[in-house]
Amino acid sequence: MSCCLLDFGRVQELRQVREFLFPKHNSAGPEEEKTQAGTAEEEEQQQSAPWLQDCVLSLSPCSDLLVIAREHKAAFLSAKWRTGESGQEEMTLAVTWSGTLSAEEGECISSVICIPLASQKRSSTGRPDWTCIVVGFSSGYVRFYTESGVLLLAQLLHEDPVLRLKCRTYEIPRHPGVTEQHEELSILYPAALVTIDGFSLFQSLRACRNQVARAAAAGSDVIQPPPLAYKKWGLQDMDTIADHSSIGITTLSVFDQMKNASILGGFHASVKGSPPAMSQYITVGGGPYTGFFYAIEGSSQPLLSHVALAVASKLTSALFSAASGWLGWKSKNEEESVQKQKPKVEPATALPVRFGLPDSRRHGESICLSPCNTMAGVTDDFGRVTLLDVARGIAIRMWKGYRDAQLGWVQVSEARGERDLATSPSMPRRHAQFLVIYAPRRGILEVWGTQHGPRVGAFTVGKHCRLLYAGHRLMGVNSVTSQGWQIHTQQVCLFDPVNGALRAVTIPFHLALSDKKSERAKDMHLLRRLTTLLRSREALESLLSNKTAPVSCLTSVTRALLASLKEQDPEAVDESLLQFCSSQLKLLQLYTDVQLLHTPDTSPTEPEHPSFSSIEEDLARVGPVLQRYTEMNTRPCVSFAQDSSEPLPVRTFLSQLEWVNGELRVIKQPDTDWTQLGSFLFWGCLSGQSPLQRVCETLQESGISPQQLLSLLLSVWLNKEKDILKCPDAVSHLHTLLSTLSSMKGAVDESWDGQCVSPWWQQVRTACVQSESSAAALLAALVAHRVAKNAITRLAESKFQEWECVSLELEQWMVCIKQLEDVLALQTLLCLPSPQGPTGGSVTRCSVKTLLESGRGGVADCVSKLLFRQGVSPDLLRDILQRRGENEPTQQPAQPGGEEKLEELLECVCQRFPNSLSPDVLFAHCSWENVVQWNKDPEVGQYLEWSVEFLKMISSPHIQLGVSAMMWQTFIVCISVHKASIKFRSDVGMGDAAVRSFLGSCVQLLQALMEADSAVEEVSAPDVCVEEVWGGAEGPVSIVELALDQRSVHYPLVQHHCVLASLLHATMTFCLRLKPLSLFDSKGKNAFFRDLSSIQLLPSGDTDPSLVAVRQEVNTDILRRHLVCELYNQGLDLRAEEVMMEVQDKDVLGSQLLVLIGQRLAFSLLHSQSQTKPNMELLARLPPTLCTWLKAMDPSELRCPSVPLSQSSRLINKVIEMLPENHAQYSLALHLLEAVDSFHEEP
């Protein structure tokens, strides 16, 4: 028994992490795009490149969180459990958060550490409550994050870059009298060391996390954590410092105390009565190479930190933020911004080095403290690894040839046997310390015994791995809370970036034995463990669970062990071990027999059963639907040859079967997948490769109950739907298998008379209605129905020879088959590919059970979601339903293939669900689905517009009234109640176009609500009906049922809201600076956004006298003149001439239009892109006064400057007719007419 490297996990998405941290690798050159050969090799070379050495890594001691960071980015990978290829649970680390952590300009991540925090619950067994990620930055900041990347706390304790972060957690004292070490977090700076008390840190982090949770619930974004208690030491008398270790509190012996006093104070030095307690720190670097610092307890008072930054992510929803503008509330943008100020940095307490290991040329790079705090490994730039005695401060061993080495420690406890516990139960167990050295230059991992032990293990690994050693365990543990806990932590882990494997170093204790009889001690140790192992089932179980052991070897070993047990004294043999060997031998024999039957069947084909001809009639009836379903499910997908070619591993076979009281049973577990076992037993029969009768006989002789065989058969049939649809003879083989299994003893109860429900056939129906493989379930039901009908017919003929068989069992089958046919048609429709491709979402899978549990609106809900994904407009859906109602072929030209297929499948589903998919029900669900999607993305106003259009198409005013009222109360009023202003678009993330669309849809919705309320008294409420076979549906209340249960609305209150919506829409459309709420009195304002069914005090409706007076003061002729000018400005000359006839003051209008003509002519002569030489000559011939006047015109004021010259000529003639001859601008008008005519005559 020797050292070994065991894989305990794997890192997924490693390539995505690398591309995220190194963006330059994402860009591929043109040569890479052209060359496709060797892609796998190039990718492997990229993964094996030393990119991981440029990153900062930290693995939680519980191995459930890995942090990989570089510069200002970081990725958090959390543990997930999944079932591997062998059927065993394995741990994987997948990315749960990635992003940028730096907050200050130019700062980078320099150190990371993961600290799991212990749970304070009494029921805790040692697993961490959560894990805190501590990140040090080059700016001096130390920030604390949760596993989801939420910033809890940030501290600036020193203004130099953070070099290293290390943590010390509680360890149970191994011997009486050993000082308990306090928990702490130590932060190393180039010339300072900060230690944060562990208890204070633990309480602060818990408080921060709780405040973040409360802030998220309350909609706040600021938290105030309690301050931290810390000590800050200024490390003196060392040139450079690269790494450190905090040893903890130590107490010198009396002799060492006297020796130090003599050295420091001389002959007359005084010695205190008791040695003082000191905190010991060791640093490595240069000048000296290793420094030893001692801080006497009480020499420095703890400091309280100033909170630099403690904010959670922006949790305030836009729907609940304060609005500004028309309602008069203060906007957040108007509040004073809080300036971020750096906190006060406390000065450090000077701490000189007491002594060190001087070596002027050697520079220390890292130090790694042993778990027992007595030794430490140090690496340097000479490629040496030095082992230090921490207590004596001396180097006791040195290894050479380990450049860029990475260190870790493994502490192994001696296993105590029953004899040791009986003889000396109070004796502490022995522990051994092993130093693990990873040499990346040589690609080797070595394990050395300490202090002077030999090398006990060596492994050849990659050259770009990382050795991850945390050096701490859970924080928050003490001597009371740790009682009864089983804290599972990894000590040393090797991370290989090539395949993402995480490997743990396992070392047996006996390798630490180094006495003269070490070989004999090791042999005795191994013999004791082997004896204990052989006396239990562990040896045989571990052998049977081996991946590579062949079946013949397992059978031989099990048979030999069973024979050996039988030869021994029966009283000395464990009866359970004997039964276990016997049962496993039978299972191995069954596995061998079934595997031998998986050979191509060369026996003559058996004649078809007479009842199979009736199944062909059923297949012909459902053939069109099956064909369409097969076409929709034949999309290309990724598959691996090994998935289909590899047989079932023998250890998986053994793990899923067990012998109980002489009967072979399949182990039932909630997460057990029987597909593999069922495929091993029955797939050869279904595909025609194995003899059906021989397989059935073998399985019947094995002792497996027919019910479990039926479950396995249905499992493989329902889970291999694609393969079954490709196999034309699979249905006939299933018929033979079902007939054979039904005839087995114990399958169908002998007392069954056909007039009651058989548990055997009910098992088949239950499996079919629960399966989401619609086609396979329907085929299985058709086959089982025929087999059951034949059995009932034979039973009836034997009892009632002249009576026709009428059975409750057959009625159950008719209902089940009808339901499965309906589900198959619906599933075919749901399999339509989305126009957006894979981004449109995955295909919705349904079954009979899910539809029955989804209530009466489940079918319409599925179809409405599909129609939304397909982008079906209200007009298109209405045309499809109208053509279906008229039963007329499409007279329009051929549509694109997608719409044509959609219409065909939708018509088929509507025929099968005439009540569940009636036009009103479908329109109601489509309307609701669109408004739900709009609520998720308010920027897309088309969703709300289509929702209102679908709402208008509902013919029943009762349904229309209820749906519109629910839409208003659920989605619209929650936004409008606080956002009745133009400025709310910045809060809800909606642009101007989206706001205009939203307000217009609100107007349409309220108008539809009023129209439905007016018509609801004229017709009676419709009944909500479903098809007969779906009458047992139970579940959530459908949208239509909810709509019919809505209370009637108060029409004047709805009209009151419609006026406000119209005002808001007009204000946004015409960009008016207006406060709509100011147009209403206090009664009108209080009535807004109340329940539409309530009676509110509303305005009288009379026009305000002051407003009437203002209107009377307005000169309508001025408005008409302005309208004429605006129409001409837009180039709408004909409409302007119509309005011009109503203008009274022609002289003023003529002067206004004269300026507009000048702007048009100036654009044509001076500002047009097509200036020609004749135009320039014409401009030179114009009178100087007119030329100067034209140059003063500004054509940019025209909305439509490019107007035909004929329209301008017609306009100048109109102006001359308006102006009297004595008008001051009459001559200018004549000059303009002459210029326009001359310009018009030019070619």
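Computed from the coordinates by the stated procedures, all read-outs in this text should not be read as laboratory data. Small disclaimer: the values here were computed from a predicted structure and weren't measured. Using ideal geometry, Cβ is built from the backbone for each residue, glycine included, and neighbour counts are taken over all protein chains shown.
Annotation: peptides 244-253, 1022-1031, 705-714, ranked by per-residue average of other Cβ atoms within 10 Å with the highest first, follow the order 705-714, 244-253, 1022-1031. Annotation: amide H-H contacts under 5 Å for Thr240 (H modelled 1.01 Å from N, sequence separation of 5 or more, or interchain): Gly286. Legend: calculated FRET efficiency, Arg403 to Thr489, from the Cβ-Cβ distance at R0 = 25 Å, rounded to 0.05, equals 0.25. Each residue of segment 995-1005 was assigned a 3J(HN,Hα) from its phi angle through the Karplus expression (A = 6.51, B = -1.76, C = 1.60, θ = phi - 60°), giving 5, 4, 5, 4, 5, x, 5, 4, 4, 5, 5 Hz with x at Gly and Pro. Backbone amide hydrogens, once placed in the peptide plane, bring Ala192 within less than 5 Å of Leu235, excluding anything fewer than 5 places away on its chain. Taking each residue as 0.36 nm, the span from Lys726 to Val1114 lengthens on full extension beyond its C-alpha to C-alpha distance by 131.5 nm. Distant-in-sequence amide contacts of Leu502, defined by a placed amide H-H separation under 5 Å and a gap of 5 or more residues or a different chain, comprise Phe8, Gly9, Arg10, Val11. So if I take the centroid of the Cα atoms in segment 893-957 and the same for segment 137-205, what is the distance between those two points in Å? Cα centroid to Cα centroid, the span is 59 Å.
Per-peptide packing, taken as the mean over residues of other Cβ atoms within 10 Å, places 1005-1016, 857-868 in the sequence 857-868, 1005-1016 from highest down.
Which of the pairs Lys232/Lys272; Lys166/Lys232; Lys24/Lys166 have their Cα atoms more than 23 Å apart in this structure? Mind showing how you got there, number by number?
Values: Lys232/Lys272 27 Å; Lys166/Lys232 15 Å; Lys24/Lys166 32 Å.
The answer is Lys232/Lys272; Lys24/Lys166.
Note on Ala191 and Arg455: their simple-model spin labels are 4.3 nm apart, each label 7 Å out from Cα toward Cβ. A cut-off under 10 angstrom between Cβ atoms defines the neighbours of Ser102, and their net charge, with Lys, Arg +1 and Asp, Glu -1, is -2. The 3J(HN,Hα) values that the Karplus relation (6.51, -1.76, 1.60; θ = phi - 60°) gives for segment 864-879 are, in residue order, 5, 5, 5, 4, 5, 5, 7, x, 6, 6, x, 5, 5, 5, 5, 5 Hz. Gly and Pro appear as x.
Strictly over 27 Å apart at the Cα level, which of Lys259/Lys400; Lys668/Lys720; Lys80/Lys231; Lys789/Lys818; Lys722/Lys818 would you flag in this model? Each step should come with its number before you reach the end.
On the way: Lys259/Lys400 34 Å; Lys668/Lys720 21 Å; Lys80/Lys231 38 Å; Lys789/Lys818 16 Å; Lys722/Lys818 22 Å.
Correct reply: Lys259/Lys400; Lys80/Lys231.
Highest mean packing first, where packing is the average number of other Cβ atoms within 10 Å per residue, the peptides 808-819, 58-69, 127-138 line up as 58-69, 127-138, 808-819. Phi angles across segment 712-726 convert, under the Karplus curve 6.51 cos²θ - 1.76 cosθ + 1.60 with θ = phi - 60°, into 3J(HN,Hα) values of 5, 5, 5, 5, 5, 5, 7, 9, 10, 5, 4, 5, 5, 5, 7 Hz, Gly and Pro given as x.
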